[in-house]
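See structure below.
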Amino acid sequence: MKEVDILQESSDNAIIRRIVNGSKHEFELLIRRFNQQLFRIGVAYLKDEHDVQDAMQSAYLKAYEKLPSFRAESTFSTWLIRIMINECLLLIRKNERQEPQQNHDYLETYEPDGAQALITTEMKEILEKAILTLPEKYRAVYIFRALNEYSTLDTAEYLGLTTENVKVRFHRAKQLLKDEILKQTGTIEAFSFLGKRCEKLTQAMMKMIR
């Protein structure tokens, strides 16, 4: 079996052990494995794509620096997601303290990768723009449950809510998105973080830790 196949089949904990033992290049596999999830989590809190990617890089750096202290008391994904949420909240507080600056709104800067443009781009954009209009408390629950496909229990744990609150907010979020939008988009995968953007962030992170 090729080395790349072995790496792809490795568990997170096995990869972490090898990284801690000096195989730094394998952190790239974890980045690629979690880029999609972290990007969507970032969108749940931050509407500007530059802010989302800043939060992702900060989360990956902190996770990498703390890998030797990771004790697997929870899964690596849970640990990393909590770091990402904290980075988003820190960035929100930082932005609130600063004077308003002119930046590019996420709705204006988001462009699908070329490969994704083939998959009913217009319908995806309708769904994505609708999601971004949701109040944060509903947007976060919707993205965690519908797009990242986290369970109700996991979503409640990540967001510090009760499972009942998650169910109520998820239901309300779907109502706010409007039935006609959901009918048009169906199960189309929104907020993809693939292709050039995924590759660019992955390579930037690997340069930082080498």
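Just so you know, all these numbers are worked out from the coordinates, no wet-lab data involved. Everything numeric here is computed off the predicted structure, so don't read it as measured data. We place every Cβ from the backbone using ideal geometry, glycine too, and count neighbours over all the protein chains shown.
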Sorted by Cβ neighbour density within 10 Å, fewest at the top, the residues K47, K207
K207, K47
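For each pair in K124/K167; K47/K94; K94/K207; K66/K94; K66/K137, compute the distance between the two Cα atoms and list the pairs where it is over 18 Å.
Long pairs (Cα-Cα over 18 Å): K124/K167; K94/K207; K66/K94; K66/K137.
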Sort 154-164, 69-79 for me by packing, meaning the mean count of neighbouring Cβ atoms within 10 Å per residue, highest on top.
154-164, 69-79
Using a Förster distance of 35 Å, the FRET efficiency for L176-H50 (Cβ separation, nearest 0.05):
0.85
Ordered by fewest other Cβ atoms within 10 Å, a rough proxy for footprinting exposure, R145, R18 read R18, R145
Fewest to most Cβ atoms within 10 Å: M205, M84 sort as M205, M84
Each label sits 7 Å from Cα toward the beta-carbon; between T162 and E125 the label points are separated, in nm, by 4.2
Segment S74-S151, length gained on full extension (0.36 nm per residue, minus Cα span):
26.1 nm
